[in-house]
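Here is the structure we will look at, set down as C-alpha cells.
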Amino acid sequence: MLFNSEICFIDEFIANLKLKGIEEIPFDNAEFYNGVGKMSRYFQANRNLLGEVSNEISLLFIKNPFEDIYKRFRDAISLSNGGYLSFVNPDYITGVLELSIDDANYIILKNRSGVPADFIKNCAERFCSGANIEA
C-alpha cells in the first residue's frame, strides 16, 4: 500500500514529464530503471530539503533486494494506468501519458505531495536523462 504523498509525487512527476513535451516513457525495462536510478540519486542527495514528507516518498527509491529493481516506484507508476498513463501496448514496456497540458498544470499547481515544484521538475529531468528520453 502506498502513502498518499507517494501517489501525489508520482502524479506530479508524470505532470512534469507532460510539460516537458514527453508523450511516452519506457516502463519496467533497463531504460526505466536507469531513469529511476538517476532520479533516486538526486532525491537521496537532496531529500533534506523536503522535511518529513521525504521519509514517505523515499520508499519509492528503495531497491527490492530480490529483483534489484525499484519495485515500489514501478508499482506506483502502474497505479496510474487508466488515469494519467496508459499501457496501450501488449507488453507493458511503454507508458503513454494521457493527460492534457491543462491537467498537468493543475496537478503541479495543486501540489498535494508537499514537495516543491522545482524539486519534482529536477527529478523528472534526471529520469529523462537516465532513461535516454529526449525532451
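The values are calculated or read from the model by the stated rules, or taken from the named source; none is laboratory data. On a predicted model such as this, the values are computed, not experimentally measured, just so you know. Note that each Cβ is placed from the backbone with ideal geometry, even for glycine, and that neighbours are counted across all protein chains shown. Heavy atoms of the whole protein, side chains included, go into the accessibility calculation; ligands, DNA and RNA do not. Shrake-Rupley method; radii C 1.70, N 1.55, O 1.52, S 1.80 Å.
Numbers for the structure displayed
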item: Residue-normalised accessible area of the stretch 18-135, given per residue in Å² at a 1.4 Å probe; result: 54 Å²
item: Convex hull (Cα only) mean projected area of the stretch 1-59, reported in nm² to one decimal; result: 4.6 nm²
item: Stokes-Einstein diffusion coefficient of the chain, Kirkwood radius over Cα pairs, 25 °C, 0.890 mPa s, in µm²/s; result: 168 µm²/s
item: When each of LYS20/LYS63; LYS71/LYS110; LYS38/LYS63; LYS38/LYS121; LYS38/LYS71 is checked by Cα-Cα distance, pairs over 22 Å; result: LYS20/LYS63; LYS71/LYS110
item: Accessible area in the full protein assembly, largest first, 1.4 Å probe, for VAL96, VAL88, VAL115; result: VAL88, VAL96, VAL115
item: The chain, accessible surface, carbon-and-sulfur percent (1.4 angstrom probe); result: 49 percent
item: Highest to lowest packing among 125-132, 60-67, scored as the average C-beta count within 10 Å; result: 125-132, 60-67
item: Gyration tensor verdict on the stretch 91-133 (Cα atoms; rounded if a/c is under 1.5, prolate if a/b is larger than b/c, oblate otherwise); result: oblate
